[in-house]
There are 2 protein chains.
Amino acid sequence: MTESIEQAQSTDAALRSRAKAVIPGGMYGHQNARHLPAEFPQFFVRGEGSRIWDADGNEYVDLMCSYGPIVLGHRHPRVEAAAAAQLARADCQNGPAPCIVELAELLVERVEHADWALFAKNGTDATTTCVMAARAGTGRNKVLVAEGAYHGAAPWCTPRPNGTTPEDRAHLVHYTYNDLPSVEAAIDAVGDDLAAIVVSPFKHDAGSDQELVDVEFARGLRRICDEQDAALILDDVRCGWRLAHGGSWEPIGVDPDLSAWSKAMANGYPISAVLGNDRFRTGANRLFVTGSFWFAAVAMAAAIETIRTHRDEEAVDRMERAGRLLRQGLDSQAASHGVGIRQTGPVQMPELSFEDDAGFDKARLFSATTVRHGAYVHPWHNWFLSAAHSERDIDRALQATEAGFAAVRKTFGD
Amino acid sequence: MTESIEQAQSTDAALRSRAKAVIPGGMYGHQNARHLPAEFPQFFVRGEGSRIWDADGNEYVDLMCSYGPIVLGHRHPRVEAAAAAQLARADCQNGPAPCIVELAELLVERVEHADWALFAKNGTDATTTCVMAARAGTGRNKVLVAEGAYHGAAPWCTPRPNGTTPEDRAHLVHYTYNDLPSVEAAIDAVGDDLAAIVVSPFKHDAGSDQELVDVEFARGLRRICDEQDAALILDDVRCGWRLAHGGSWEPIGVDPDLSAWSKAMANGYPISAVLGNDRFRTGANRLFVTGSFWFAAVAMAAAIETIRTHRDEEAVDRMERAGRLLRQGLDSQAASHGVGIRQTGPVQMPELSFEDDAGFDKARLFSATTVRHGAYVHPWHNWFLSAAHSERDIDRALQATEAGFAAVRKTFGD
């Protein structure tokens, strides 16, 4: 009896039960599925192009792309070949491989504001190093960040302050995204101690509708940083290589002094980068920041090939095309069911929210049903498209979301 | 004329010159060769077992092992096969692969004090998360660290404070390694606000002689943490898997509450870990710590196979055997040249220093000559042996160090 019940248990459930014994709370961080509806798998075993498979063999159209890193599709042949060729020679050595120079040169060539690069592992390493370079370059302390923005999970920025001290945020001052007067008020408060303003390419806080940047706001930040002789830091960790081939504010013509990169830059291989202009070269050079794997060659070889392929395959155009199809499809499905939704932000980083859904009940039901029908989405975090998403993939995903909207209509009415 | 001069320039020099344009100062962090003698290469292209090759094709017996990560030798076949098998399926996904559970179970089985594990990328992530878990678990702020100890390169711990603020270290209080009265004095200073004591398995500060832990000191820290209801954090990032198969203080029978791991745990693949006991499980579970690549499967598969191979091949015994041969050889070479040296710390993590060498002039000449003769060593940082070092490798390395001692004797006299 017990045995047959256990046999009926899914592989995912069995793994979760083992994980609960040896991992705090069963899982940690942003990939903890405990707070997601029960239909969401915790464990994954395979990825190929636009598709992923969970530990029970269920296949999904992947609309999260590993929360961003997969920008060309899982296991892109060009990237895998470049990584394998480097791995056959060396990865982690007593010094970097020559490809660190190639990668730095490539980034300086492709990203407008960049005169130099340095590499780390986490997006948090990159944002933290940007702040340190700004402080070392200006000799000042205060850093402006937007209320509610995510810039990583170190003590100075993690959104859940457990385990941190008030001093970790002693020099942070908050402004409101797209609200220049709030920036000016913050500037007044910090006096002559402004080291940097940190900003995301657009407002992409989890659990909120997204908001594109107001070009005048971006220009205003640039002007204020120039006036104050402070650093404008663009946190391009989440958006980098999805909005543009280059910095995410290049289309609007606003150059940061420093920018933080990670996620998509090596199509899933672990790397992050700080790019900076000559004004902050000395500041960066005065830091001691390092890590045992920051010089490892395989992720750098993967990054070089990802960036080259990204342009060769016109990845941004492809993601926009797929994103428009998805947005149109979702809009017309919602309309046909009479379900009120909002879609915000760039089409290649979709955010779908429901009218009258403060507690995310509709979003949870929609995403759970969509997942069960074969498209992996998220209830309150933006989704990510990759250049591997074809029209066929979007059609397949829309079959799943159709079931999601039907479920919302059935439970909550139209 | 110019052309022939350029042709005569080494590949390493050409790469350094390109790097200088696009990387602040030409390189950053602990693998910056700028402060090493000119004979040290900056760039490496290949590693195999105990040998490495620089960008100009020079071969070395590798006595630094990538500053620690390579514990079984470069490109160990079992580790490479396990990593390749995982990579063929998936690496960075929307959730971890099943091997995260296997790895956590294996660590809990092999490391005495551990009831749970969580994984990150950098050693600094692990030490920082230990401190956060201690603070979240105790509700207190103060952390004792040994004067001069290295626990990472985040603002709270980087040894060069440029780019940090005084508040980043507001709650650190210092003690002297192996000096229990200094710990008791620090405890008096923090009152009832002690969250944790952080300690390395032995004193391995760069630029100093190493010092093994006094067992009574270790027991004293354990007793104080018990009395104060604080966490004892063992920073096993550098020593882990070199001193023992399991925690580095298991041979002396002192269990920490939390331990930080990285470097050697996956034989060069990028991963770090926090291990903890049940007392700090809730503290760890209350944190939000995460990273885009913290759930990636390839480094976890590599870690599992590294740890299994480590025991199967009796890696600690092998490293000790090679380390004893090296230490004996260096001692007798130094004696025969009449050069006064000190060798300190465990034999598998050698530290060689010279009498009357406060400015490291002898160490620089010795290491430069040794490098030129085919063994890669460091002038002021401890070296690392791996299980791939055979008697023949040590013989070969000693040929190079013989030249190093001869040079020291010639320049500085005996």
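Checked against the criteria, B:Val173 counts as within 14 Å of chain A (Cβ to nearest Cβ) and part of a strand (DSSP E or B).
Within the stretch A:334-354, being in a loop (DSSP other than H, G, I, E, B) and touching a residue at least 40 places away in the same chain (Cβ under 8 Å) holds for A:Gly338, A:Val339, A:Gly345, A:Pro346, A:Gln348, A:Met349, A:Pro350. Of the residues making up the stretch B:9-30, those that are crowded, with 21+ Cβ neighbours inside 10 Å and within 8 Å of chain A (Cβ to nearest Cβ) are B:Leu15, B:Ala19, B:Val22, B:Ile23, B:Pro24, B:Met27, B:Tyr28. Each residue in the stretch A:299-333 was checked for being in a loop (DSSP other than H, G, I, E, B) and within 14 Å of chain B (Cβ to nearest Cβ), and 0 of them qualify. Of everything in the stretch A:65-75 that's more than 9 Å from every other protein chain (Cβ to nearest Cβ) and aliphatic (A, V, I, L, M), which residue is surrounded by the most Cβ atoms within 10 Å (Cβ to Cβ)? Residue satisfying both the conditions and the ranking: A:Val71. In the stretch A:311-331, the residues that are in the same structural domain as A:Met64 (by TED's automatic domain parsing) form Cβ pairs under 9 Å with partners that are exposed (fewer than 14 other Cβ atoms within 10 Å of the Cβ), at six or more places apart or across chains, as follows: A:Arg321/A:Glu391; A:Ala322/A:Glu391; A:Leu325/A:Glu391; A:Leu325/A:Asp395; A:Gly329/A:Asp395.
Restricting the stretch B:84-141 to residues that are surrounded by 24 or more Cβ atoms within 10 Å (Cβ to Cβ) and of a type in the set (Lys, Arg), the residue that is farthest from the chain's Cα centre (by Cα) is B:Arg135.
A single member of A:Ala133, A:Ala186 is more than 30 Å from B:Met27 (Cα to Cα) and part of a helix (DSSP H, G or I), and it is A:Ala186. Out of B:Arg321, B:Arg286, B:Arg327, one residue alone is among the basic types (Lys, Arg), touching a strand residue (DSSP E or B) at 6+ places or on another chain (Cβ under 7 Å) and surrounded by fewer than 24 Cβ atoms within 10 Å (Cβ to Cβ). It is B:Arg327.
Could you check the stretch B:51-64 and list, in sequence order, the residues that are within 8 Å of chain A (Cβ to nearest Cβ) and at positive phi? Passing the criteria: none in range. Per the listing B:Arg46, B:Arg78, the residue uniquely surrounded by fewer than 23 Cβ atoms within 10 Å (Cβ to Cβ), within 21 Å of A:Phe119 (Cα to Cα) and either more than 8 Å from every other protein chain (Cβ to nearest Cβ) or among the basic types (Lys, Arg) (or both) is B:Arg46. Restricting attention to the stretch A:189-237, the residues being in a helix (DSSP H, G or I) and at pLDDT 95 or above number 15.
So that you can scan it fast, the table gives a plain yes or no per residue for (1) in a helix (DSSP H, G or I); (2) under 18 Å from B:Glu59 (Cα atoms); (3) under 22 Å from the mean Cα position of the chain (by Cα):
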| residue | (1), (2), (3) |
| --- | --- |
| B:Asp356 | no, no, no |
| B:Ala388 | no, yes, yes |
| B:Gln399 | yes, yes, no |
| B:Glu402 | yes, yes, no |
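The number of residues in the stretch A:142-151 that are crowded, with 24+ Cβ neighbours inside 10 Å and among the acidic types (Asp, Glu) comes to 0.
Filtering the stretch B:360-391 to residues that are farther than 15 Å from B:Thr411 by Cα, surrounded by fewer than 24 Cβ atoms within 10 Å (Cβ to Cβ) and small (Gly, Ala, Ser) leaves B:Gly374, B:Ser390.
One residue is enough: does the stretch A:262-277 have a residue meeting the conditions surrounded by fewer than 24 Cβ atoms within 10 Å (Cβ to Cβ) and at pLDDT 95 or above? So far as the stretch A:262-277 goes, yes, one or more of its residues are surrounded by fewer than 24 Cβ atoms within 10 Å (Cβ to Cβ) and at pLDDT 95 or above. Within the stretch A:252-298, the set of residues being more than 7 Å from every other protein chain (Cβ to nearest Cβ), in a helix (DSSP H, G or I) and either within 19 Å of A:Glu109 (Cα to Cα) or polar (S, T, N, Q) (or both) comprises A:Ala264, A:Met265, A:Ala266, A:Asp278, A:Arg279, A:Phe280, A:Thr282.
The values are calculated or read from the model by the stated rules, or taken from the named source; none is laboratory data. Keep in mind that what you see is a predicted model, and the values were worked out from it rather than measured. Please note: Cβ atoms are built from the backbone with ideal geometry, for glycine as well, and neighbour counts cover all protein chains shown.
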